[in-house]
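Enquirer: Below is one structure. I have some questions about it.
Read-outs: derived from the displayed coordinates by stated rules, not from any lab. All values derive from a computational prediction rather than experimental measurement. Cβ placement follows ideal geometry from the backbone for every residue including glycine, while neighbour counts extend to all protein chains displayed.
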Amino acid sequence: MRRMIGLGVLVVLAGALSGCGPSSAYTKNEAFGNDMVKAMNDMADALESVKDQDSAKAAAGKIDGISDRLAELTKRAKELPKVSKSEDEKLTAKFDPEFKKAQERLQKAAPQAGANCGGDPDFLKALKHFEDVSKELSKVKL
């Protein structure tokens, strides 16, 4: 009898605890936010590394790879499940400062990289790829 009561308490406790955590939609949106911040910071790192034509050529491959990741994130963004209003507010509070910081880095690094690249064609092509992907991402309603 005691064993049955103990198992019953465990089942009820497990059920109660499973309802206390974030929703699946929240978890997916949070993972997306983390991946976006990472991609934006990686892009800023790549742009900040451009000091001359040689470093621009080296950065071009990184920029193309990050642009490909951003294209995949754009596809994921279109399929993200809706979150509740409170979860949306929580995600906004978490990610807005991180997005703004990464965006400021990008806005500062991009013109500097353009000035330093020496007209490297691979770098300019990679930047065009990033621009195209960014335009598609900006169309997605999050």
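Enquirer: With each pseudo-label sitting 7 Å past Cα toward Cβ, what's the D54-K100 distance in nm, one decimal?
Expert: Roughly 4.0 nm, to one decimal.
Enquirer: Which pairs, out of K51/K101; K51/K125; K108/K128; K51/K135; K62/K128; K75/K101, put more than 19 Å between their alpha-carbon atoms?
Expert: K51/K101; K51/K135; K75/K101
Enquirer: Under 16 Å Cα to Cα from K38, which aspartates and glutamates show up? Leave out anything in the same chain fewer than 8 places away.
Expert: List returned: E30, E48, D64, D68, E72, D96, E98, E104.
Enquirer: Could you tally the net charge around D64, taking each other residue with its Cβ under 11 Å from the Cβ of D64, Lys/Arg +1 and Asp/Glu -1? Each step should come with its number before you reach the end.
Expert: On the way: positive: K62, R69, K125, K128; negative: D68, D122.
It works out to a net charge of +2.
Enquirer: Through the Karplus equation 6.51 cos²θ - 1.76 cosθ + 1.60, θ set to phi - 60°, convert the phi angles of the range 76-83 into ³J(HN,Hα) values in whole Hz; use x for Gly and Pro.
Expert: With coefficients 6.51, -1.76 and 1.60, one gets 4, 4, 5, 9, 5, x, 6, 10 Hz.
Enquirer: Follow-up. Under 12 Å from the Cα of K141, which aspartates and glutamates turn up, not counting those fewer than eight places away in the same chain?
Expert: Those aspartates and glutamates meeting the cut-off are E79.
Enquirer: Between Q112 and S138, what is 0.36 nm times their sequence separation minus the Cα-Cα distance? Round to one decimal in nm.
Expert: Result for the pair: 7.1 nm of gain on full extension.
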